[in-house]
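Read through the structure below, which is laid out as structure tokens, and then see the notes.
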Amino acid sequence: MNNLIIVDNPLVRKDLSILRDKNSSPSIFREALGRISYSIAIEISKNFELEEYEVETPLEKTKGYKLKHQVVLIPVLRAGLSMVDSFLQMMPEAKVGHIGLQRDEKTLQPIDYYYKTPSGLKSSITILLDPMLATGGSAVASFNYLKKNGAGKCLLACLISAPEGIERMNKEHPDILIYTAAVDRKLNDNGYILPGLGDAGDRTFGTF
Ligand code: PRP
Ligand code: URA
């Protein structure tokens, strides 16, 4: 699939194993999630265009670079919140919007409860942050909203994806590049990713 980029390195694999381990506490889980987010942020930054400007070192003038486009980070509540700090460390000028979605446990459809996004989406690079791409319902709903509100170039950053969610994104938002640290086997009957890591929101915030 040409809209999928797998972010894979030994540190990511080691941290994914920590995330998958049911015995990892919320603080260990959040730290590992944050570290993988750095690798994804760096990979995503290869999309960014630069503008040249003149910078003066203590010795002479030379060429400098700055990002050409505003970056907007959109974590999907709740689990996406734990990716924000790592992305902001790498992209400190980024603006941050929020989308609140909760999957209905029976229908697996996303129920929306909060939207707050900055202006200027059209000329920005908008990165949706959500560790889990399962059925794809939450990602598709988020991009439907963002595009309706004028978003230009959009990217998806996640940690674990199911083939079902990737296929749905391919069908409904084929223009959007998906960055993921792993593609797992499949969804179970309750819409959870196998082998996955369980409920990312609950494991991040200890709500079990
Ligand atoms: C999780 C996850 C995604 C969504 C993925 O959120 O963080 O947003 O499920 O599933 P999908 O691809 O089938 O839509 P959840 O709805 O559990 O909310 P939470 O983060 O508040 O726990
Ligand atoms: N949401 C999660 O948090 N985990 C899954 O496995 C699927 C959806």
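The values are calculated or read from the model by the stated rules, or taken from the named source; none is laboratory data. Values in this document were obtained by computation on a predicted structure and should not be read as measured data. Note that we place each Cβ from the backbone using ideal geometry, even for glycine, and neighbour counts take in every protein chain shown. Remember, those area values only see protein heavy atoms, side chains included, never the ligands or the DNA or RNA. Shrake-Rupley method; radii C 1.70, N 1.55, O 1.52, S 1.80 Å.
What the table shows:
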| read-out | value |
| --- | --- |
| Lone unmet requirement of (1) open to solvent by 10 Å² or more (accessible area, probe 1.4 Å); (2) within 12 Å of ligand 1 (Cβ to nearest atom); (3) modelled with pLDDT of 95 or more for Ile99 | (1) |
| Residues located in the range 80-93, provided they are more than 16 Å from Ser39 (Cβ to Cβ), open to solvent by 10 Å² or more (accessible area, probe 1.4 Å) and within 16 Å of ligand 2 (Cβ to nearest atom) | Leu81 |
| Any hit, the range 167-187, residues being within 12 Å of ligand 1 (Cβ to nearest atom), open to solvent by less than 10 Å² (accessible area, probe 1.4 Å) and either out of contact with any helix residue (DSSP H, G or I) (no Cβ under 9 Å at 6 or more places or on another chain) or part of a loop (DSSP other than H, G, I, E, B) (or both) | no |
| Members of the range 144-156 found to be buried (at least 19 other Cβ atoms within 10 Å of the Cβ) and either within 15 Å of ligand 2 (Cβ to nearest atom) or assigned to a helix (DSSP H, G or I) (or both), listed by number | Leu146, Leu156 |
| Subset tally (residues that are of a type outside the set (S, T, N, Q), within 16 Å of ligand 2 (Cβ to nearest atom) and in contact (Cβ under 8 Å) with a residue 40 or more places away in the chain) for the range 123-138 | 7 |
| Which numbered condition Ala141 fails, given (1) within 11 Å of ligand 2 (Cβ to nearest atom); (2) part of a helix (DSSP H, G or I); (3) in contact with an Asp or Glu (Cβ under 9 Å, 6 or more places away or on another chain) | (1) |
| Evaluation of Ile176 against (1) closer than 22 Å to His69 by Cα; (2) within 13 Å of ligand 2 (Cβ to nearest atom) (one fails), failing number | (2) |
